[in-house]
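Just below is one structure, and these are the notes that go with it.
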Amino acid sequence: MKRAVRSLAGVALVAVAASVVAAQGPPSHVITNGQITARVYLPDAKAGFYRSTRFDWSGAIGALEYKGHQYYGPWFTKVTDIYDFGYDGPEDAVVSAEFTAMVGPAEEFGAIGYNEAAPGGLFVKPGIGVLRRADDTPYNHSKPYEIANGGKWDVKRTRDTIEFRHTLSKPTLAFGYVYTKIIRLTRGQPQMTIEHRLQNTGTNDCFCTAACSPMRNSSSVSVPRSIHFSMSVSSASAMYSINCLCISVTRSAIAPLAWASVNFPLLSPA
């Protein structure tokens, strides 16, 4: 009888542990500067919040709070086979396709080498890895592509900063990169910045596009329009930096966020 009780207790503990893990959701890290608190999802090919092939896997912000206001978070209720996003059920719940089911600010790099690749050939999406071209149709970010090489992610975490580094090498494409993204909460201010560095480590030059969308949740509509966004790009040899001021909470009203993008050459170090 005691053995049976112990066995049942063991099963119960396992069940509780499994439910706790499930409740924890995708892997993440919380950063704070005492004014802003943000939960940032971590890239993970098996359990990550976002695993499709449109957006950069790093830096997805699942929640950001300032003085009781939520600025980011899930804007959809579930993922379905719908195209892009839409509404479902009697209450018009927002549903999303897998490729667009991201939280903000959602960042996307252009496809590098897609036009040169034959069907079955390889091309690159920074922040995701080496993808395989499926057919002879033009590149479409709404189409999921096979990930042939996901590269290597390294993450450094502190109280108010998180740094992602994605290293990719594909000699057959004569292209590789080291991509670094740093999300930092400014000390003593209600401000968050995102810094990017993309270094070409291959032998081929190319051009790249970087774009960002706010992906704010619906509760953000009720707070003052106090988020603004800007992008700038600078180059030094084969390394290019893109800096964004993603949120700066002020008393003045600022226009809502929209897509912002930049184009830049990504030169080989050779």
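In segment 189-220, how many residues are touching a Gly at 6+ places or on another chain (Cβ under 8 Å), at pLDDT 80 or above and assigned to a loop (DSSP other than H, G, I, E, B)?
The total comes to 2.
If you take the residues of segment 41-76 that are surrounded by fewer than 23 Cβ atoms within 10 Å (Cβ to Cβ) and hydrophobic (A, V, I, L, M, F, W, C), which of them is modelled with the lowest pLDDT?
Per the stated criteria, the residue is F76.
Got a number for residues in segment 148-165 being closer than 16 Å to H196 by Cα and not in a strand (DSSP E or B)?
0
Scan the strands (runs of 3 or more DSSP E) fully inside segment 43-122 and keep the ones with 3 or more residues being touching a residue at least 12 places away in the same chain (Cβ under 8 Å).
Correct list: 61-66, 69-72, 78-80, 93-97, 106-109.
Modelled with pLDDT under 95 and under 17 Å from T209 (Cβ atoms), is that true of E98?
No: the conditions fail for E98.
Take segment 166-178 and flag every residue that is surrounded by 21 or more Cβ atoms within 10 Å (Cβ to Cβ) and assigned to a strand (DSSP E or B).
H166, L168, F175, Y177
Tell me whether segment 68-91 contains one or more residues that are among the charged types (D, E, K, R) and in contact with a helix residue (DSSP H, G or I) (Cβ under 8 Å, 6 or more places away or on another chain). Full working, then the answer.
Filtering segment 68-91 down to residues among the charged types (D, E, K, R) leaves 78, 81, 84, 88, 91.
So of that shortlist, the ones also in contact with a helix residue (DSSP H, G or I) (Cβ under 8 Å, 6 or more places away or on another chain) come out as 84.
Yes, segment 68-91 contains at least one residue that is among the charged types (D, E, K, R) and in contact with a helix residue (DSSP H, G or I) (Cβ under 8 Å, 6 or more places away or on another chain).
The values are calculated or read from the model by the stated rules, or taken from the named source; none is laboratory data. Quick caveat, the model's predicted, so the values are computed rather than measured. Heads up, the Cβs are rebuilt from the backbone with ideal geometry, glycines too, and the neighbour counts pull from every protein chain shown.
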